[in-house]
Amino acid sequence: MLSIKIQAWQDGVNMEIGDNVRIYKCKISAEGRSKNNHLIICNGADVQNTNFSYFGSNSTIRLGEYVKINAGAKTKTSLQVGSNTTLHIGKGSLLSNSIIICTTDFHPVINEEGMRLNPDKDIFVGENVWIGRNAYIGKGATILSQSIVGAFSVVTKSFSQENILIAGNPARVRKEKISWTR
Ligand SMILES: CC(C)(COP(=O)(O)OP(=O)(O)OC[C@H]1O[C@@H](n2cnc3c(N)ncnc32)[C@H](O)[C@@H]1OP(=O)(O)O)[C@@H](O)C(=O)NCCC(=O)NCCS
């Protein structure tokens, strides 16, 4: 099933959609002069009420096989990318409502020398990661396989272990050697 609203200017977004994919009430938007952006949704993914937003160029949002995004009509989840970044969600991961995952801060933070301190960075979510409702995952974050991100958590950095529960603001490791089931 495909139900997508597309808002794009210039080059738009190149889409690769796998087999047996369900996309329901999703929106894809690419702003301004953006170009060369990609959306890849692999086989068996099931995505609803999700916004895919491209705020720059040369970026990719990739959902692995069997990723499920189970957001509601009034509690949409948003996947957002800036320039030259990849936002990867690994196979079998489960995302809840009102999540924001974003590879850019939008506005530059600049030091005395005029150098940007907060460049856009990739985000990597491994396989079978469960992301609880209202989580915010920012630029440069890595969350490895079989992990859980607690509800309302703010993830601002990379975690190097698999099978962990991270939670809080800023998110930190709360439990190790855990797993979860759907
Ligand atoms: C993470 C979660 C699953 C609980 O797992 P759990 O194994 O029962 O974890 P616990 O409640 O024992 O918490 C362990 C520690 O993490 C903390 N913690 C757990 N969830 C947290 C959260 N979302 N934010 C901040 N801290 C959290 C607990 O306070 C506890 O801290 P302590 O060790 O200092 O006492 C649950 O809190 C959660 O966030 N669920 C998400 C639910 C959701 O979004 N469902 C949507 C449907 S997909």
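Nothing in this text is a laboratory measurement; each read-out follows from the coordinates by a stated rule. Keep in mind that this is a model prediction, so the values were computed, not measured. Backbone-built Cβ (ideal geometry, glycine too); neighbour counts: all protein chains shown.
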query = If you take the residues of the stretch 148-170 that are part of a loop (DSSP other than H, G, I, E, B), in contact (Cβ under 8 Å) with a residue 24 or more places away in the chain and within 14 Å of the ligand (Cβ to nearest atom), which of them is surrounded by the most Cβ atoms within 10 Å (Cβ to Cβ)?
reply = Gly150
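So, Ile123, is that one within 16 Å of the ligand (Cβ to nearest atom) and at negative phi or not? Spell out how you get there, then give the answer.
Working: within 16 Å of the ligand (Cβ to nearest atom): no; at negative phi: yes.
Criteria not met by Ile123.
Let's see how each residue does on (1) closer than 25 Å to Asn20 by Cα; (2) charged (D, E, K, R); (3) buried (at least 18 other Cβ atoms within 10 Å of the Cβ):
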position: Asn58; (1), (2), (3): no, no, no
position: Gly64; (1), (2), (3): yes, no, yes
position: Thr75; (1), (2), (3): yes, no, no
position: Ser78; (1), (2), (3): yes, no, no
position: Thr85; (1), (2), (3): no, no, yes
position: Gly92; (1), (2), (3): yes, no, yes
position: Ser96; (1), (2), (3): yes, no, yes
position: Ile99; (1), (2), (3): yes, no, yes
position: Thr103; (1), (2), (3): no, no, yes
message = Cβ contacts < 8 Å: first residue in contact (Cβ under 8 Å) with a residue 60 or more places away in the chain, restricted to the stretch 109-137; second residue within 16 Å of the ligand (Cβ to nearest atom) and polar (S, T, N, Q), any location; separation 6+ or different chain. Result?
response = Glu127/Ser93; Glu127/Gln146
query = Got a sec? Which of Ser78, Ser83, Ser98 is within 11 Å of the ligand (Cβ to nearest atom) and either within 14 Å of the chain's Cα centre (by Cα) or part of a loop (DSSP other than H, G, I, E, B) (or both)?
reply = Ser98
